[in-house]
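So that we are looking at the same thing, I have put the structure below in structure tokens.
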Amino acid sequence: MERRASNGLKPDGRKLTGYAARFNSETDLGEFVEVIRPGAFTRTLAAASAGNIRAIYEHDGKSLLGRLGAGTLRLTEDSEGLAFELDLPDTNLGRDLAELVKRGDVAGCSFGFLPVRDTWAEGAKPVRELRDVDLFEITITANPAYDATSVQVRSKLPRSVRLARLYLEAIA
């Protein structure tokens, strides 16, 4: 599973809103540049399994904040990217997270996915375009990789582009 990060969380009482991913923003992953194209989440959001998409804290599956199927997480694609609304639970984690976001200590988002369809353009630095992904999670995080960009790296693929392609083809 791959992870990417974005910032722009907004607290509204016990609800968080923001973007887990932004479209058409180039992100330099070191060995290649990645761009998420509009529509990359359309299929996965429409799938029967979409109800299993979760909102978690710091990519920790034990820190559940909401789930699409329960109605506590709402995801939509708009012209900017993958927007979300999250009703925080009335738990220690939910209350603490609301306060951390309000104070500005936690301001990042990320998402976990597997690529379904991507394209590569060769050049001085190859460009990978994500056109369709299987989305598993969005996460609220204090540590997005690059605060200044709207789509940021959470973790990288293997160092070599060739190995990255082999890896992606093997899991597809």
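For every residue, the table says whether it meets (1) under 15 Å from the mean Cα position of the chain (by Cα); (2) touching a residue at least 40 places away in the same chain (Cβ under 8 Å).
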residue	(1), (2)
THR17	yes, yes
ALA20	yes, yes
THR44	yes, yes
ILE53	yes, yes
HIS59	yes, yes
LEU64	no, no
THR72	no, no
GLU80	yes, yes
ASP87	no, yes
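Sort out which residues of the stretch 46-87 are of a type in the set (Gly, Ala, Ser) and touching a strand residue (DSSP E or B) at 6+ places or on another chain (Cβ under 6 Å), and write them in order of number. Even if it seems obvious, please write down each step before you answer.
Initially, the stretch 46-87 is screened for residues of a type in the set (Gly, Ala, Ser), giving 46-51, 55, 61, 63, 66, 69-71, 79, 81, 83.
Within the stretch 46-87, ALA55, SER63, GLY66, GLY81, ALA83 meet the criteria.
Further, regarding this structure: When the residues of the stretch 60-88 are filtered to those that are outside any strand (DSSP E or B) and out of contact with any Gly (no Cβ under 7 Å at 6 or more places or on another chain), which remaining residue is farthest from ALA21 (Cα to Cα)?
Step by step, filter the stretch 60-88, then rank; the result is ALA70.
May I pose another question? Do you know which of the residues in the stretch 92-126 that are in contact (Cβ under 8 Å) with a residue 40 or more places away in the chain and part of a helix (DSSP H, G or I) is nearest to GLY18 (Cα to Cα)?
Once the filter is applied, the top-ranked residue is VAL101.
The numbers here are math on the coordinates, done by the rules we state, and not lab data. Because the structure is predicted, anything quoted here is derived from the model rather than measured. With ideal geometry, Cβ positions are generated from the backbone for all residues, glycine too; neighbour counts draw on all protein chains shown.
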